[in-house]
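Visitor: Have a look at this one before I ask anything.
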C-alpha cells in the first residue's frame, strides 16, 4: 500500500495530523508482497531496458469461465436442436462471415478483426494461465512460465517511465484464478503485473485521506497528489530518500498514471460509447466493468506494454442463453468501442487486442439449458497489431465439437502477437532460474502466416 497519512508522534507533526518524518510508506501494491521501491530496484538489477522502444502494446481480454463459441462466433444452424441453440447468425461487413445476432456492433467492425474458430490443445482448468502464457500449466521450469505481460516488461520495458510496463485490471473474484492478471514465473516479482484493482493495489492506497477504491474520484486524487508533491519537494525531504523510493513516489504520484485512470479526462460521448456495466461479482466472479475497455486503451496509449482485464462470467452450466442475452450486448458494445477507438486514434497498427476464454463449451445443451466444459475446441478474436484482418481462420465440424480445419494453439496466437510486437520467437530467449535460455513460446511454434506472413 501507499500511505501518505499516519499516526502523529507525540509532540511532533503538523497541524493536519500528518508526520512529515513518516510521510511516505510504500508497500505491496499488488506486486507479490514486494514493495514498489524494491520492485524497481529488482528491475534495474535484472537489467530491464529503459523505455524508448517503439511503443507497441497488447490488450488481453479474458472471458472467465469459458465462453460458448458456438453461440457467439460459430453458430451451427444445420445441427440438431439440442446442439444448435436459440440464437441466429447475422451478416457482418465482411461478406461470408456471420456471427451471433446479439453482436451487431462487432458485426460492423469485422473487417478490423480476425476470428479463429479452431483453437485446440486446451486444459480443463478454470484459469487464465494458458490465455496469458500461451503454454500448458504443466511440466514448467523452476519458477514457472511467465505471462506475456511479464516477458514484455523484461524485454521491452514501459513506453513511459512513469507507467508500469504490465498492468492488470482484473478485480478480486470468488474464484481466484479468474482474477489472475498474469504471472511473472521464473522472471521473478520484479516483472509481475502492476495490479490496480486488488488489495495491495488501488484499494490499499491512501493519499492524504483519499482512497482509490472509486475510479470516479480521480480528479480529487490528482489535486491531492500534486499538492503533496509540491510540499514535499519544497521541504527538501525528497533529497534524503533512496533513489528507488523516489522513483516509486514518482510513479504513484505521476499525473500520467492518474490521468490514464481518470475517465473524466475523456469526452463524455466517448465514455458513453463504451457503456456502463455492473461492478458486482456473481457467485464466484464476473463483474461487468465496461470502463475497463476504455481504461485499457488509455493505459497503452500512456505507455503500458500489456494490459489484462477480465470481463463478466461465462461458465454457464445452466440458463446459457438467458445469461448470454444479458452479457453479449455488453461485450459487443465495449469491445467494438475499443476496436473503433484504436483505429480512430491511429493505434491499430501498434496495439493488438486478444479476446479469449480458457476453453469452449459442449456441443450438446444439457438438461439445465446450459453447456458444460469443452477443452477440445475454442475460439479467439484478434484485432489491431497491423495484422491482416477481415478473415476467419479455421473451422469446426457440423456439431461445433472438433476442429475441422486449421487447428490452432494458444502458442501460435502468442507467437503471432510477439511478432506484431517486434519480437522474433525464433531468436529471442530469456534465461530461467537455472540459466537455461527459454524461448517465448514452445519449440517449433511459429507465428500464423495468415495474419503476419
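Visitor: Taking neighbour Cβ counts within 10 Å as the exposure measure, how do 195, 127 sort from fewest upward?
Guide: 127, 195
Visitor: Compute the separation of the alpha-carbon centres of the range 53-102 and the range 313-359 and state it in Å as a whole number.
Guide: Measuring centre to centre over Cα atoms gives 10 Å.
Visitor: What FRET efficiency comes out for the pair residue 124/residue 404, r = Cβ-Cβ distance, R0 = 25 Å, nearest 0.05?
Guide: My answer for the efficiency is 0.70.
Visitor: Give the relative contact order (percent, whole number) for the range 303-453; include only Cα pairs under 8 Å separated by 6+ residues. Mind showing how you got there, number by number?
Guide: Details: 194 pairs, mean separation 27.7, N = 151.
In percent, rounded to a whole number, it is 18.
Visitor: Starting from the 7 Å offset along Cα-to-Cβ, what nm value, one decimal, do you get for the label separation of residue 427 and residue 111?
Guide: The answer from the label model is 3.5 nm.
Visitor: Highest mean first, how do 186-192, 167-173 rank when packing is the count of other Cβ atoms within 10 Å averaged over residues?
Guide: 167-173, 186-192
Visitor: Something else now. Which of the peptides 78-85, 397-404 is most tightly packed, and how do the rest follow, judged by the mean count of other Cβ atoms within 10 Å per residue?
Guide: 397-404, 78-85
Visitor: Follow-up question, since we're still on this one. How would you order 98-108, 362-372 from highest to lowest mean count of nearby Cβ atoms within 10 Å?
Guide: Values: 98-108: 19.6, 362-372: 17.5.
Result, highest mean Cβ count within 10 Å first: 98-108, 362-372.
Visitor: Kirkwood Rh, Cα Rg: Rg to Rh for the range 311-453?
Guide: 1.02
Bear in mind these aren't lab numbers, they're just calculated from the coordinates by the rules spelled out. Predicted model only: the values in this text are computed from it and were never measured. As a convention, Cβ positions derive from the backbone with ideal geometry for all residues, glycine included, and neighbour counts pool all protein chains shown.
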